[in-house]
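Sending over a structure as structure tokens; questions will come in a sec.
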């Protein structure tokens, strides 16, 4: 195997992991996960991504690399009043919905009818509070957070994909220099822990359905578009079915959804990876190997994040979500006829309100669709 293939696969995996592992930790914390359950979550989702990337790349002979849903993890982190078992139940339902979308074309067509601005407004509403917490973190611990931001902005000028990883490394270095105790870090073997899912209607509506829509809109569709832009025709139905089934299985170990990669996929698609476009698919198995190693290291990574000052972790989360937030805001207000519904979706979702045991993302979506429907009725009558 070419060194360039191994290098691209390793860099893509490291960027995907370091840029958003803190968000997954926040999601696990929001669901009340124990350290063992959180480590199981990370191990299961890493193994799921590895298996899916290797299988789809080998079968389709296309460099198809998978990711966890970072905006989906942010959505989970914003939820309140949901137990870990209920979260696992929502992940099972989300996985089944994604698989069904690959198998049943009318379901995909139904999702496609949701206006882009409203779906993007819901995503922006999920992400905005986390980015605001980054500003608060800078106020609380400027000596550590502001250098992280500076490194992020400078590195981003030359290599946007590496910016968050560089900020993460800066935060660790500064934490060590300012007296954070990382001496207790040690290697330990991760274990998969089975979680029996619980299904509550309010959680399915308030978490599973928004998680499905966020994963489709912010991960799967951009992932397929990235492959097409590189000159490949991805097997959409097979990819959705595979990622949905993997997500369903890993949910029993506490993990949220596996999806197509977009930003990290771009690292694996260029001619510098392999000059022969038809042989470039071998980056998929190499990428899978990198994720297996990262999964085995998950307990140590969790120890590292727990040892860092809270403002450093909050800043890392905010920096990792700036790109998705920018994209969501751009899409939310791209269509003039959808701007008001998108804005109402955004503010309702960002408010964190909950009613009847159903979270804000669902109500934001409902408000946006209702206003959009009223405006379209007005236009039809006119």
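Within 10 Å of each residue's Cβ, count the other Cβ atoms and sort 356, 224 from fewest upward.
So the ranking, lowest neighbour count to highest, is 356, 224.
Compute log10 of I(q)/I(0) for the stretch 267-338 with the Debye formula, placing one identical point scatterer on every Cα and leaving out solvent, at q = 0.22, 0.24, 0.27 Å⁻¹, to two decimals.
-0.95, -0.98, -1.07
Now, a different point. Could you let me know the centre-to-centre spacing of the stretch 238-284 and the stretch 54-115, using Cα atoms, in angstrom?
The stretch 238-284 and the stretch 54-115 have Cα centres spaced 13 Å from each other.
Please say if the stretch 330-379 is rounded, prolate or oblate, where rounded means a/c under 1.5 for a ≥ b ≥ c the square roots of the C-alpha gyration tensor eigenvalues, and otherwise the choice is prolate for a/b larger than b/c and oblate otherwise?
Oblate, because a/c is 1.5 or more while a/b does not exceed b/c.
Mind checking the log10 I(q)/I(0) for the stretch 117-167 at q = 0.21, 0.31, 0.32 Å⁻¹? Debye, one equal scatterer per Cα, no solvent, two decimals.
Cα-only, vacuum Debye calculation for the stretch 117-167: -0.83, -0.99, -1.01.
Let me ask something additional. With a bin width of 10 angstrom, please list the P(r) values of the stretch 69-160 as percents of all Cα-Cα pairs, from the 0 bin to the one holding the largest distance.
In whole percents, the pair-distance histogram is 13, 27, 33, 20, 8, 0.
Given the alpha-carbon gyration tensor of the stretch 97-231, what are the semi-axes of its equivalent ellipsoid in whole angstrom, ordered largest first, with each equal to the square root of 5 times an eigenvalue?
Computed over the stretch 97-231, the values are 36, 22, 17 Å.
Shifting gears a bit: What FRET efficiency comes out for residue 111 versus residue 34 if R0 is 45 angstrom and r is the Cβ-Cβ distance? Round to the nearest 0.05. Before the final figure, lay out the partial values.
On the way: r = 34 Å, r/R0 = 0.76.
Approximately 0.85, to the nearest 0.05.
Would you give the gap between the C-alpha center of the stretch 285-317 and the C-alpha center of the stretch 148-177, rounded to a whole Å?
15
So what are the three principal axis dimensions of the stretch 187-337 from its Cα atoms, in whole Å, longest to shortest?
Computed over the stretch 187-337, the largest-to-smallest principal extents equal 48, 41, 34 Å.
Regarding the stretch 229-309, what's the average projected area of the Cα-atom convex hull, expressed in nm²?
Working: hull surface 29.2 nm².
The number I arrive at for the stretch 229-309 is 7.3 nm².
For the stretch 289-382, how big is the tail of P(r) above 20 Å, as a whole percent of Cα pairs? Numbers along the way, then the final one.
Details: 2623 of 4371 pairs.
Looking at the stretch 289-382, the distances longer than 20 Å represent 60 percent of pairs.
Grab the eigenvalues of the alpha-carbon gyration tensor for the stretch 126-206, scale each by 5, take roots, and send me the semi-axes largest first in whole angstrom.
In descending order, the three semi-axes are 31, 22, 15 Å.
Provide, for q = 0.16 Å⁻¹, the log10 of I(q)/I(0) from a solvent-free Debye sum over equal Cα point scatterers in the stretch 20-97.
-0.63
Any chance you could run the full-extension gain for residue 187 through residue 157? It's 0.36 nm times the residue separation minus the Cα-Cα distance, nm to one decimal.
7.3 nm
Tell me the mean residue ellipticity at 222 nm calculated for the chain from its helices only (DSSP H runs of n ≥ 4, each -39500 (n - 2.57), averaged over every residue, nearest 500).
It comes out at -23500 deg cm²/dmol, rounded to the nearest 500.
Can I ask one more? For the chain, take every pair of Cα atoms, bin their distances at 20 Å starting from 0, and report each bin as a whole percent.
Going out from 0 Å in 20 Å bins, the chain shows 29, 60, 10, 0 percent.
Let me ask something additional. Semi-axes of the equivalent ellipsoid for the stretch 169-269, please: Cα gyration tensor eigenvalues, times 5, square-rooted, ordered largest first, whole Å.
Square roots of five times the eigenvalues give 31, 24, 14 Å.
No value in this document is a laboratory result; all are computed from the given coordinates. Note that the structure is predicted; figures quoted are calculated from it, not measured. Ideal geometry is used to build each Cβ from the backbone, glycine not excepted, and the neighbour counts take in all protein chains shown.
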